[in-house]
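To start, the structure under review is shown below, and the notes come after it.
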Amino acid sequence: MGLDLISQRDCEVKEIVPQEELLNQIKDRNRGFAVLNMIIESGKTREEALESSFTQTLVTPEGNKNVSVKVSDLIEKTNHLEQLGKKCENCPISQNTAFGCIGYVSYPISQKCEKWLATIAEESNKKGLPYSTTIVFIEDQNVTGQRFGEMRNHGQTFFESSKPTEIVLSKSLFKKKTIDTNKLLEVTVLNGLMQTTHINYLLMLFGGIVSDQVEPKDRYSKFSNEDKKYVYLDLNLPKDSDKSITEFYNYFHHLFIALVNGHDVFMD
């Protein structure tokens, strides 16, 4: 369970398989191999694992439905993705990775990740505009974070912590102004289309978009013919990062690649 995101770049792959169907097929294939490996690790042979079945919950118009799925069937029906993925070569979004235009952030989000996001937001807020534009938006528009507050009522399904992390915007002897990670996530993770303008302001908060004459070797960058410099996202992955932090780090870089190539990103 998690957040799916896909850059809105038209391509041959999406002409063959519509993007919603493509997302479902990729998830089916990943699920099939995950179950296969889990069964093999339990002591069964690959042949036995392929013949095994497991229960999968499908969301239908009539409600959730549990069905029995054979591992080999799930993998075989998505084998065409191996050839289809080769069409992603030389795609500026995919970066020579099959279906690289698709990203994923899984639940539950760790408390450590929330603290990491909060720390970055606090540091960017101290820098002022344009880095703090998203913070200003949260305050001016009275963003409540209600959607994520409600998600915390489901135990640890979506979040490790039942309470959001506080983000201190200003502090004096008698007063402290704060927001929290519920409000921050409300504008960081959308349900629907995130347009390039939104992405630009969001990434200024999370690292900032910078340029340099020297090409960075540890991350994606795009050369600007106008400025004769390399543009990249100045966000670093902590050495002690956990799964949630790593996925959000990749998420922000995914948004950056879409942005500098002029594409919106759809999230579900």
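Each residue of region 231-246 was assigned a 3J(HN,Hα) from its phi angle through the Karplus curve 6.51 cos²θ - 1.76 cosθ + 1.60 (θ = phi - 60°); the sequence is 9, 8, 8, 8, 10, 10, 8, x, 5, 9, 5, 9, 4, 5, 4, 4 Hz, with glycine and proline shown as x.
Normalised by 2.2 N^0.38 Å, where N is the number of residues, the C-alpha radius of gyration of region 160-268 stands at 1.24.
I need to check one value: relative contact order of region 1-136, counting alpha carbon pairs closer than 8 Å and at least 6 residues apart, in percent.
Relative contact order here is 28 percent.
Every Cα-Cα pair of the chain was included, and the share exceeding 22 Å stands at 64 percent.
For Lys217, the lysines whose Cα comes closer than 22 Å to its Cα, not counting residues fewer than 8 places off in the same chain, are Lys228, Lys229, Lys239.
Candidates Tyr220, Pro238, Phe252 compared by Cα position along the dipole of region 132-268: farthest toward the positive end lies Pro238, with charges placed on Cβ. Taking all Cα pairs closer than 8 Å and separated by 6 or more residues, the relative contact order of region 201-268 comes to 28 percent.
With 23 Å as the limit on Cα-Cα distance, the pairs of Lys115/Lys243; Lys176/Lys243; Lys163/Lys183; Lys70/Lys243 that go past it are Lys176/Lys243; Lys70/Lys243. Apolar share of the accessible surface for region 118-268: 47 percent from carbon plus sulfur atoms, 1.4 Å probe.
Within the chain, antiparallel bridges make up roughly 95 percent of the DSSP beta bridges whose residues both belong there. With R₀ set to 22 Å, the beta-carbon distance separating Lys175 from Glu122 gives a calculated FRET efficiency near 0.85. Computed from Cα positions, the angle between helix 196-205 and the longest principal axis of the chain comes to roughly 60 degrees. Rounded to the nearest 20 debye, the dipole magnitude of the chain is 760 debye, with +1 charges on Lys and Arg beta carbons, -1 on Asp and Glu beta carbons, and the Cα centre as origin.
Using the Cβ-Cβ distance between Glu47 and Asn24 with R0 = 25 Å, the FRET efficiency computed as 1/(1 + (r/R0)^6) comes to roughly 0.40. Placing dummy labels 7 Å off each Cα toward the beta-carbon, the span from Phe137 to Thr157 is 2.8 nm. For the chain, modelled as a GNM whose springs connect Cα atoms under 10 angstrom apart, the maximal fluctuation among Leu84, Leu173, Leu235 occurs at Leu173.
Report summary: the helix-based calculation at 222 nm, which adds -39500 (n - 2.57) for every DSSP H run with n ≥ 4 and divides by the residues of the chain, gives -12500 deg cm²/dmol. Per atom type, region 1-112 shows carbon and sulfur on 47% of its accessible surface, probed at 1.4 Å.
Here's the list of lysines a cross-link from Lys14 could span, going by alpha-carbon distance under 25 Å and ignoring same-chain residues fewer than 8 apart: Lys27, Lys77, Lys86, Lys87, Lys222.
Shown here for region 169-224: chymotrypsin sites (Phe, Trp or Tyr not before Pro) in loop regions (DSSP other than H, G, I, E, B) with at most 13 other Cβ atoms within 10 Å, namely Phe174.
Using the Karplus relation 6.51 cos²θ - 1.76 cosθ + 1.60 with θ = phi - 60°, the per-residue 3J(HN,Hα) values for region 249-255 come to 4, 5, 4, 5, 5, 4, 4 Hz, with x marking Gly and Pro.
The equivalent ellipsoid of region 32-71 has semi-axes of 25, 8, 6 Å, largest first, where each one is the square root of 5 times an eigenvalue of the Cα gyration tensor.
The values are calculated or read from the model by the stated rules, or taken from the named source; none is laboratory data. As the structure is a computational prediction, the values presented were derived from the model and not from experiment. Here the Cβ is made from the backbone with ideal geometry for all residues, glycine too, and neighbour counts use every protein chain on show. Protein only, heavy atoms only, side chains kept; ligands, DNA and RNA dropped before computing areas. Shrake-Rupley method; radii C 1.70, N 1.55, O 1.52, S 1.80 Å.
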